[in-house]
Amino acid sequence: MILSIILSIFSVTFTLSSTTEVKPSGVLPDSTTYRYERTATTGQRGQMTEGNSTYLELNGWDGYVIRAVELQMRSNKNSGKGLLNMTVGDDVVWSIEDQDFCDDAWAGMYTINWVPIYKKINVLVNKEPIEICISATENSLYIQSYTIYYEKAYHIATPDLPSIPSVSLESQEYTISFNTGCDTSPLPITQSSPNTPIILPEWQDTLSWFFIGWSESEVIDNKLNTPILLPGQNYTPTRNTTLWAVYSDIIDNVITTNYISGKYIIARYNDFTVLIGGSGLASYGKIDGDRLNLKVLDMYQNMDGTYCMDPSYDSEMVYQLRFNLEDSTVFITHFETNEPIGYKENKLYANNRAWKYRVLSDGSIIFYYTYDKKDYVFYYGTKDKQECAFSFHTSSLKNWSENGFWLFPIVERHITSWPLGILNAVEDIDKPIVPIDATYHFGIYELHIHNGKKSLIIR
């Protein structure tokens with residue numbers, strides 16, 4: 001007879017390194033081979049638009065027990081639907097029927113932040129392929145990474161014990177505590193039963209910081225290495241843990257209609273962009289041949305109808321625009337590479353040529369030039385079966401009155417778990433040495449003394 005004994009838990013994460021490849025990190029079984037595929041030929045890394053899928057296949061996991069799988073995924077701000085199927089050989093070990101991303105089977109809400117989609121599994125792999133297929137039925141779903149938690153099954157011969165293919169995990173209820181960086185925090189929450197998700201609570205803003213969610217790690221020096229967990233989201237703990245509040249000094253980035261020189265994201269929102277990506281599209285990178293690539297940008301409108309976006313952005317989307325107000329011209333440069341975005345004859349070209357511009361009646365802007373007595377505009381559309389930005393001949397430039405491009409100024413975003421500064425950074429004093437309250441300023445810091453107790457905060 002054989003008894004399977006389970007030892008230490010390992011994990012490996014396959015992170016998308018491009019639109020067609022994944023890169024493993026962590027502890028990878030020596031014999032592993034892997035393959036990643038996507039059906040879409042356009043769109044950004046990990047994006048699944050309606051009717052498209054992503055697929056990860058692993059081989060060489062013979063004799064390992066998979067304990068859990070965690071996917072880092074997101075949707076559009078108000079849409080995204082699809083299904084999931086994970087198999088080991090012919091056995092389905094995890095499936096999600098065609099559901100909205102806001103359904104509890106997925107994240108429990110729509111979100112443009114990366115969130116964990118977690119599933120406990122207990123399956124022994126015996127020379128079978130491991131396959132994870134995710135398909136979108138409505139725009140859009142996104143996958144960032146796959147993490148697999150696993151153990152090696154070591155077999156020991158015994159004459160008296162029956163064969164046990166695997167050992168089940170011990171189940172228990174876990175408690176989540178909360179640290180808000182303030183004097184008060186939400187009360188701890190304990191699972192009602194093992195493996196039951198907990199709904200994350202809301203929290204309050206401070207005078208100068210906006211609460212945006214929770215993190216499994218403390219955020220110091222504006223560095224966040226784990227996804228932001230949103231209030232109202234389902235969260236299933238795997239241990240007793242503390243979640244940290246995360247605050248931002250900016251809620252969202254708002255378009256400008258005051259066109260001055262600076263760094264911007266160039267975006268457009270219309271029927272074409274919604275069809276392609278479910279939201280807006282933004283220029284991305286330097287000139288590639290005679291065109292610019294596009295990337296989905298989640299745009300939404302605030303209460304007064306003004307377009308906004310999340311302050312998080314890809315640096316490849318940033319362009320330097322130098323406006324000359326006297327002759328209504330503008331020079332455009334890709335900021336990261338310092339490569340100009342110009343034109344030559346009827347095509348985009350990497351030269352330092354001035355574009356003419358015009359502000360439309362709705363406040364948006366268009367960029368154009370004249371060649372061979374014809375008007376050409378900077379345009380988002382389909383060229384050679386590829387969605388991209390290119391130079392487009394138009395005969396209706398004079399009639400173009402709205403629905404041009406929107407510019408999002410680049411605003412540096414700061415995040416923290418300590419909106420009032422790190423508390424108790426200065427030791428308490430047993431006996432007051434200052435009989436009254438006192439406040440001292442030095443640099444960016446503010447020292448408060450009250451009844452001998454010191455507290456240091458950032459102004």
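Throughout, read-outs are computed from the coordinates displayed, never taken from laboratory work. These numbers were taken from a predicted model, which means no experiment stands behind them. Positions of Cβ are backbone-derived with ideal geometry, glycine not excepted, and every protein chain shown enters the neighbour counts.
Can you pull the one-decimal nm distance between simple spin-label points at E97 and S25, each 7 Å off the Cα toward Cβ?
3.7 nm
Net charge within 13 Å of L348 by Cβ-Cβ distance, Lys/Arg positive one each and Asp/Glu negative one each, not counting L348 itself?
Here the count lands on +2.
Provide C102, C182, C388 in ascending order of the number of other Cβ atoms located within 10 Å of each residue's Cβ, fewest first.
Ordered from fewest to most neighbouring Cβ atoms within 10 Å, C102, C182, C388 come out as C182, C102, C388.
Go ahead and collect, in residue order, the members of the range 350-394 whose backbone nitrogen is under 11 Å from a label point 7 Å along the Cα-Cβ direction of D327.
Only 354-356 fall inside the zone, counting backbone N under 11 Å.
What does the C-alpha gyration tensor say about the overall shape of the range 262-392? Classify as rounded when a/c is under 1.5, otherwise prolate if a/b is larger than b/c, or oblate.
rounded
What lysines sit close enough to K286 to cross-link, taking a C-alpha to C-alpha distance under 23 Å and skipping anything fewer than 8 places away on the same chain?
Straight-distance partners of K286: K263, K295, K344, K347, K356, K383, K385.
Would you list which lysines come within 26 Å of K152, measuring only between C-alpha atoms, while excluding same-chain residues fewer than 8 positions from it?
Answer for K152, where 26 Å is the Cα cut-off: K23, K119, K120, K127, listed by chain and number.
Pull out a ≥ b ≥ c, the square roots of the eigenvalues of the alpha-carbon gyration tensor of the range 315-405, then state rounded if a/c is under 1.5, prolate if not and a/b is larger than b/c, and oblate in the remaining case.
Cα axes put the range 315-405 in the rounded bin.
Size of the dipole of the range 254-409 about the Cα centre, Lys and Arg at +1 and Asp and Glu at -1 on the beta carbon, nothing else charged, in debye to 20?
480 debye
For K383 and E402, calculate 0.36 nm times their separation in residues minus their Cα-Cα distance, and state this gained length in nm to one decimal.
Here the answer is 4.6 nm.
Using modelled backbone amide H atoms (1.01 Å from N, in-plane), which distant-in-sequence or interchain residues come within less than 5 Å of C308's amide H?
Residues meeting the amide H criterion: Y300, Q301, N302.
With labels modelled as points extended 7 Å from the Cα through the Cβ direction, what inter-label distance (nm, one decimal) is found for R35 paired with I199?
The two pseudo-label positions are separated by 4.4 nm.
Suppose every Lys and Arg Cβ carries +1 and every Asp and Glu Cβ carries -1, with no other charges. What dipole size does the range 1-160 come out with about its Cα centre, to the nearest 20 debye?
540 debye
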